[in-house]
Amino acid sequence: MMYKTVLVTGATRGIGRALVIDLCNKGYRVFATGRDEVQLQQLIDQTGCVGESCDLSQPEAVDELFKKAKNILGHIDVLINNAGMNSRKCEVVNTSLEEFEQQYAINLRAPYLLCRAAMQEMLPNKYGYIINIVSTVAKRSNETMGIYTAMKQGFSGLNNVLMKEAQPHGIKVTAVYPGGSNTAFREQERPQYMSPESVATMISQLLHNPKDVVVHELTFRPLVEIE
């Protein structure tokens with residue numbers, strides 16, 4: 001196994017939780033973080049991972065989180081930016097500045113801060129992997145999802161620049177664009193969508209690719225989605 005330690009955000013439910021379980025089952029040492037302290041403790045008890053709850057909307061807390069993960073694991077081989085949020089669906093004209101700033105803080109600023117911290121550690125070693133879970137939302141312009149789309153497209157742009165900066169130094173960067181997933185992120189059950197476990201499998205497989213291969217973009221969808 002080339003990579004050994006992984007930091008996963010948004011780990012207390014949905015894709016992030018399934019991802020932590022999958023990675024721990026495969027022998028990785030995982031530091032998990034999420035907002036729900038009860039769910040996080042259950043995940044720690046279930047998998048043997050380590051972790052701490054964190055409010056990613058607070059920049060100082062994000063910086064401190066990376067330092068704690070590094071101290072506990074010794075080093076961070078892999079960063080997986082999975083955390084994200086969409087407050088509600090509505091037209092841009094009906095949104096508030098508060099909603100914009102909250103989504104900016106969690107969907108764009110937090111992963112930026114974590115990517116920066118990870119690069120600062122990985123560059124001297126010329127080794128590491130950053131996986132950014134974006135969304136197929138970034139590939140289209142959905143009405144009623146203006147702020148979320150803007151943040152995810154910004155996240156995609158950040159990822160693409162980071163990939164060009166990192167790759168010459170032996171550091172891999174991948175943007176993952178999952179389609180519809182049946183998670184608590186949605187108000188209603190969507191059994192026709194991908195399970196969190198299936199999405200987690202697709203993501204963790206990236207860590208097992210040949211050393212001389214890097215996947216720049218990974219886009220996948222449930223069978224009911226054409227695009």
Assuming residue 104 fulfils every condition listed in (1) of a type in the set (Ser, Thr, Tyr); (2) part of a helix (DSSP H, G or I); (3) modelled with pLDDT under 95 apart from one, which condition is it?
(3)
Just wondering, is there one or more residues in the stretch 131-139 that are among the basic types (Lys, Arg), surrounded by 16 or more Cβ atoms within 10 Å (Cβ to Cβ) and in contact with a Leu (Cβ under 9 Å, 6 or more places away or on another chain)?
no
Out of all the residues in the stretch 62-82, is one or more touching a residue at least 40 places away in the same chain (Cβ under 8 Å), within 27 Å of residue 147 (Cα to Cα) and touching a Pro at 6+ places or on another chain (Cβ under 7 Å)?
yes
As an exercise: evaluate residue 120 against (1) modelled with pLDDT of 90 or more; (2) of a type outside the set (Phe, Trp, Tyr); (3) open to solvent by less than 20 Å² (accessible area, probe 1.4 Å) and give the number of the one condition it does not meet.
(3)
For the stretch 17-57 the number of residues that are part of a helix (DSSP H, G or I), touching a residue at least 24 places away in the same chain (Cβ under 8 Å) and closer than 14 Å to residue 4 by Cα is 4
Subset of the stretch 198-217, residues surrounded by 15 or more Cβ atoms within 10 Å (Cβ to Cβ) and in contact (Cβ under 8 Å) with a residue 60 or more places away in the chain, comes to 199, 200, 203, 204, 206, 207
Do you know which residues across the stretch 128-146 are among the hydroxyl-bearing types (Ser, Thr, Tyr) and modelled with pLDDT of 85 or more?
129, 135, 136
Does residue 106 satisfy the condition of being in contact (Cβ under 8 Å) with a residue 60 or more places away in the chain, closer than 19 Å to residue 35 by Cα, open to solvent by less than 70 Å² (accessible area, probe 1.4 Å) and among the β-branched types (Val, Ile, Thr)?
no
Out of 197, 165, 227, 189, which single residue is modelled with pLDDT of 90 or more and either over 17 Å from the mean Cα position of the chain (by Cα) or more than 25 Å from residue 12 (Cβ to Cβ) (or both)?
165
Please indicate, with yes or no, whether at least one residue in the stretch 71-94 is open to solvent by 60 Å² or more (accessible area, probe 1.4 Å), of a type in the set (A, V, I, L, M) and either in a strand (DSSP E or B) or modelled with pLDDT under 95 (or both).
yes
Could you tell me which residue of the stretch 1-58 is most open to solvent (accessible area, probe 1.4 Å), considering only residues that are farther than 16 Å from residue 207 by Cβ and among the basic types (Lys, Arg)?
35
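The values are calculated or read from the model by the stated rules, or taken from the named source; none is laboratory data. Keep in mind that this is a model prediction, so the values were computed, not measured. Cβ: placed from backbone, ideal geometry, glycine included. Neighbour counts: every protein chain shown. Ligands, DNA and RNA are excluded from the accessible area calculation, which covers all protein heavy atoms including side chains. Shrake-Rupley method; radii C 1.70, N 1.55, O 1.52, S 1.80 Å.
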